[in-house]
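Please read the structure below before turning to the comments.
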Amino acid sequence: MTLKYLIHKEFLQIRRNSFLPRLIFVFPIMIMCVMPWVMNMEVKNIVVDVVDNDRSSLSQQLVHKVEASHYFIFNGQKASYAEALQEVEHAQADVVMVIPPDYEKELTNGRLPQVLIAANAVNGTKGSMGSAYLAQIIASSGGSVSVMGNTGHSSINVLSLYNKNQNYKVFMIPALMAILMMMLCGFLPALNIVGEKEAGTIEQMNVTPVRKWEFILAKLIPYWLIALFVMSVCFLLAWLVYGITCQGNLALVYLIAMLLAFFWSSFGLIISNYSDTMQQAIFVMWFFVVCMMLLSGLFTPTRSMPSWAYLTTYINPMHYFIDAIRTVFIRGGDFQSIYHQVLALAGIALFMGGWAVLSYRKNS
């Protein structure tokens, strides 16, 4: 019965706060309508120069294909490779494509003309992806590719599973739920308790016979419910705005979301228990949040990290959540597919929850 009144008190405080109700309303809109466009790792707007040494109808068709691609910004045709390379050196172009003099003749005779691609690799991702895009266009036109001396031509059939159109939003939207849980269930409860410390109102609670676990649950349950509500709104917006829906059992998504919410709320409480001011709590939370996000696989594959950095994923709950939610949401996986992630999340969350209760200092 005591817990019921404490939860009612927390909801009253949230409602009377001038900022939180607005955050609850704006946050799902930002997550679904803005973040998928901003947090996009697709490489576009690659500035390309073309040197057409053949000037035939087939070479011009290849130039027009490059010009029509939405991945490139066509910077015009240059008279020579030296002139195009000069623009790369001055950061006015990213990739140079050089069509050989006998391009049409070689194609007509059934041979593979060699097209040179020279890419600015200062930005390695942009250079490699731009070269790959151009190579696909050249291969579709029947030519071979020489990337700074490496020649190759192959006939490859690619079957894209689960995300046939290779839409990056399908990859990002379920993972954005991790940021939602982090904000609503991590930051807000921690700042709530530290705020009461600064105001001195928590001392009034400390001298009451309310038990520690009741006080902590009363602080967490409202934010858990709010996070689940906002997450449901986000899934609805994903369906309405992008036509993206969960391919697996939605109950599994809510299960792993609750486990992550339990972790973040416990972690936030631990930070608040050891912090005396809001500024201190924010800085400590932000340090761990940035590290966990960057090492979780939210933006880039974890297998691309060095081996010593990859070892951190074994204790990173964000990694387990993102891996599990993408398995269920995108691939339509069942519980058997994510039981390892569920067990890991549950173990980490229980450990942090126990630490949060033990570290809370209550003087009764």
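Please treat every number below as a calculation from the coordinates, not as lab data. Here the structure is a predicted model, which is why all the values come from computation and not from measurement. Please note: Cβ atoms are built from the backbone with ideal geometry, for glycine as well, and neighbour counts cover all protein chains shown.
Data table
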item	result
Cα convex hull volume per residue for segment 257-310 (Å³)	97 Å³
Whichever aspartates and glutamates have a C-alpha closer than 14 Å to that of residue 169, once near sequence neighbours (fewer than 8 apart) are set aside	42
Sparse-neighbour loop sites [chymotrypsin sites (Phe, Trp or Tyr not before Pro); segment 1-97; at most 12 other C-beta within 10 Å; DSSP]	19
Chymotrypsin sites (Phe, Trp or Tyr not before Pro) within segment 214-284, DSSP loop, no more than 14 other Cβ atoms inside 10 Å	274
Residue among 244, 202, 325 with the largest mean-square fluctuation in a Gaussian network model of the chain, springs linking Cα atoms under 10 Å	202
Mean shadow area of the chain over all directions, Cα convex hull, nm²	22.7 nm²
Burial ordering of 108, 313, fewest other beta-carbon atoms within 10 Å first	108, 313
Counting DSSP beta bridges with both ends in the chain, the antiparallel % (nearest 5)	35 percent
DSSP H segments from the chain that extend 27 Å or more along their own axis, Cα-based, with Kyte-Doolittle mean of 1.6 or above	212-237, 250-273
Rounded FRET efficiency, nearest 0.05, which uses the C-beta distance separating residue 339 from residue 276 and R0 of 41 Å	0.50
Segment 22-142, Cα convex hull volume normalised per residue, Å³	113 Å³
Partners for residue 4 among lysines (Cα-Cα distance below 28 Å; same-chain residues under 8 apart left out)	197, 212, 219, 362
Sequence-distant lysines (8 or more away, or on other chains) whose Cα lies within less than 23 Å of residue 105	65, 78
Check: segment 46-152 dipole with +1 on Lys, Arg Cβ and -1 on Asp, Glu Cβ, in debye	240 debye
Alpha-carbon centroids, segment 304-320 and segment 1-54: separation in whole Å	25 Å
Residue-span extension gain [residue 213 to residue 82] - 0.36 nm each, minus C-alpha spacing	39.9 nm
